[in-house]
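Heads up: the structure comes next, in structure tokens.
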Amino acid sequence: MENLKYEGTIDLGEFKNVSWHQRSDNRIFLTVTESDNFREIENNYDFKGTDELAEEDRDYLDGKVDELAEGISKYLNSIGVENEIYDDQIGYGQEIVNLVVAIYKNDFNKLK
């Protein structure tokens, strides 16, 4: 198995520039909110000029994060990569859910 650097970005089918990081010796975490797909949703959403998210805004964005995580998971399953979706606790105090899709490091080369 090749040695991976600690972090980077990767394209996964229709999911572009998804940030990943290695947090343990055998797991890679793909961060849903750090992808071009989520950035596009954020950039096209009308936040009504406030710095804080209203509950309806959080609910909408949480739903979009869930959809993206499920989409990434389904894509990975379609290419034979076992995965699990987690709520990443890093970033305590965040306003929206921060989902990651975890894969085994040995499967990383299947993504290229």
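If you check Y86, Y75, which single one turns out to be aromatic (F, W, Y), closer than 24 Å to G13 by Cβ and either in a helix (DSSP H, G or I) or touching a residue at least 60 places away in the same chain (Cβ under 8 Å) (or both)?
Y75
Restricting region 29-72 to residues that are of a type in the set (A, V, I, L, M, F, W, C) and without any contact (Cβ under 8 Å) to a residue 40 or more places away in the chain, which is farthest from G13 (Cα to Cα)?
Looking at the filtered set, the residue picked out is A54.
Look through region 4-28, keep the residues that are more than 21 Å from K74 (Cα to Cα) and without any contact (Cβ under 8 Å) to a residue 60 or more places away in the chain, and return whichever of them is surrounded by the most Cβ atoms within 10 Å (Cβ to Cβ).
Going through the qualifying residues, I end up with R23.
Could you go through region 3-21 and let me know if any residue there is outside any strand (DSSP E or B), touching a strand residue (DSSP E or B) at 6+ places or on another chain (Cβ under 8 Å) and at pLDDT 95 or above.
The answer is no; no qualifying residue exists.
Would you point out the residue of region 22-68, among those that are β-branched (V, I, T) and assigned to a helix (DSSP H, G or I), that is farthest from K112 (Cα to Cα)?
Restricting to residues being β-branched (V, I, T) and assigned to a helix (DSSP H, G or I), the top hit is I41.
If you scan region 35-73, which residues turn out to be of a type in the set (F, W, Y) and either touching a strand residue (DSSP E or B) at 6+ places or on another chain (Cβ under 6 Å) or surrounded by 14 or more Cβ atoms within 10 Å (Cβ to Cβ) (or both)?
F38, Y60, listed by residue number.
The values are calculated or read from the model by the stated rules, or taken from the named source; none is laboratory data. The structure displayed is predicted, hence computed values, not measured ones. Every residue, glycine among them, receives a Cβ derived from its backbone with ideal geometry; neighbour counts consider all protein chains shown.
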